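Each reported figure results from applying straightforward, stated rules to the coordinates on display, with no laboratory input. All values derive from a computational prediction rather than experimental measurement. Please note: Cβ atoms are built from the backbone with ideal geometry, for glycine as well, and neighbour counts cover all protein chains shown.
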Amino acid sequence: MANLEVEFTGLKLKNPVMPAAGPPIKDYKAAVAAKKGGAGAIVTKTISTTAAKVPRPNMAKVKGGFLNTELWSELTPEHWLKEEYPKIKKLGLPVIAGIGYTKDQIRELAKKVEKYADALELSTHYLGDDTTPIKESIKAAKEEVDIPVFVKLSPQIDIAEFAKAAEKAGADGIVLINSFGPTLDIDPKTAKPLMGSENGYGWLSGEAIFPLALRAVYQAANSVDIPIIGVGGINSGLRAAKMFMAGAEAVQVCTEAIVNGPSVYQKINKELNEFLDQNGYDNLDQIKGLTARVVKNKANYETVVPTVIEKNCTTCGLCITSCVYHAISFNDTKDYVEIDPKKCAGCGLCITRCNFGALEIR
Ligand SMILES: Cc1cc2nc3c(=O)[nH]c(=O)nc-3n(C[C@H](O)[C@H](O)[C@H](O)COP(=O)(O)O)c2cc1C
């Protein structure tokens, strides 16, 4: 069994999978469930100086993803300080407390929350071009507390620029990404938006945003020296492994924990362990930042025809259907597929279309 322990900014986690700020970690009861479900740390739902007034409906499972128009916690900070944080702290896992959103709100909350937390996570949900609000929020928190301060960023900003600004302002780590949007989906029976927000818009999370999150983590990890925590569309150990390869130190999960319950942390850890074992890795350090070491930073224009691994081919025909170059067909006895190298453009789609590992680029 590979070692899944991680350590960053003085935080020691038995495993690197934690909840992301949101409903799966909305109070003490949810934290108990997250611990039981195998989380390596507790990240608490973002609180602000007042309780949020949240429109309804505010959550929807959509194909390939999830929409929400939740805000921060609907519980007051006073309630969190009296009823939730003290009990969460006693669970014995490292606690990263989410607070937001403006520099003044963060300044007001940081000190009060500090005694219950091992680190703070500043949620800003900032979408503009100017790094000033982020820098000011980080500085406000750093002036108030002695524990590490992480800042959570949205995907629709210049990641490298904001990551560098956050590091310069004193952030101890960066959490990437918050949900993406605004987005819209409609109930076709009523023509009404699924979300109950003023304009019906919501924020996209889950499976669909994984490539966006992975790129953001990769870009940030290669722009700054502070730790990056990856979040966005993680629903398997394989996806968690990819986050480490992109440069993450740990990962967070929100949508998958909402949709499939708190046992997902355990499942992701198990799959991550299996991936490491099967590929001969002993620990997460060995895959951390691996992609930056193998990426060529130079586009490839050479056509490489995929190799068919005949024994793996189930002749399902998916690759044939989606080959826009008509380069794939069944062999004479219909036992496997063949690729015509004269027609194949080396686009690579068939490799990702095959569910059985029957095609690969060597
Ligand atoms: C219903 C819901 C509520 C959320 N609430 C918060 C929040 O309070 N603070 C925050 O920083 N992010 C919040 N998020 C964003 C998540 O923490 C996470 O960054 C995002 O959903 C991407 O991860 P995922 O694909 O695993 O859900 C929320 C997401 C969802 C779906």
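Building the convex hull from the alpha-carbon atoms of the chain and averaging its projection over directions returns 20.6 nm². The calculated 222 nm mean residue ellipticity attributable to helices in the chain amounts to -8500 deg cm²/dmol, summing -39500 (n - 2.57) over DSSP H runs of n ≥ 4 and dividing by all residues. Under a Gaussian network description of the chain, with springs only between Cα atoms under 10 Å, the residue in LYS168, LYS82, LYS139 that fluctuates furthest is LYS82.
Compute the acute angle (0 to 90°) between the alpha-carbon long axis of helix 210-221 and the principal axis of greatest extent of the alpha-carbon atoms of the chain; round to the nearest 10°. Taking the Cα atoms of the chain, the angle to 210-221 is about 70 degrees.
Listed as lacking a disulfide-compatible partner in the chain: CYS254, CYS313, CYS316, CYS323, CYS344, CYS347, CYS354, by the criterion of no other cysteine Cβ under 4.7 Å. Scoring 302-315, 20-33 by mean Cβ neighbours within 10 Å over their residues and listing the highest first yields 20-33, 302-315.
Exposure proxy shown here: for SER48, SER322, the number of other Cβ atoms within 10 Å sets the order, fewest to most, as SER322, SER48.
Region 254-328 and region 137-173 have their alpha-carbon centroids 32 Å apart. Largest GNM mean-square fluctuation among GLY206, GLY92, GLY233, using the chain with Cα springs under 10 Å: GLY92.
Of all DSSP beta bridges confined to the chain, the antiparallel ones make up roughly 40%.
The alpha carbons of region 307-360 give a radius of gyration and a Dmax of 9.8, 26 Å, in that order. A Gaussian network model of the chain, with springs between Cα atoms under 10 Å, assigns the largest mean-square fluctuation among GLY317, GLY232, GLY289 to GLY317. Across region 24-39, coupling constants 3J(HN,Hα) worked out from phi with the 6.51/-1.76/1.60 Karplus curve, θ = phi - 60°, read x, 9, 7, 6, 4, 4, 5, 5, 4, 5, 5, 5, 4, x, x, 5 Hz, and Gly and Pro carry x. Computed over neighbours whose Cβ is under 14 Å from that of GLU5, the net charge equals -1, Lys and Arg +1, Asp and Glu -1.
Since only PRO193, PHE180, ALA165 are under comparison, the one whose Cα sits farthest along the positive direction of the charge dipole of region 153-196, derived from C-beta charges on Lys, Arg, Asp and Glu, is PRO193. Relative to the longest principal axis of the Cα atoms of the chain, the long axis of helix 103-114 makes an angle of roughly 80 degrees. Each principal axis of the Cα cloud of region 180-234 was evaluated for its coordinate range; sorted largest first, these ranges are 49, 20, 12 Å. Residues in region 176-181 carry Karplus couplings, in order, of 9, 10, 7, 5, 9, x Hz; the curve used is 6.51 cos²θ - 1.76 cosθ + 1.60 with θ = phi - 60°, and Gly or Pro positions show x.
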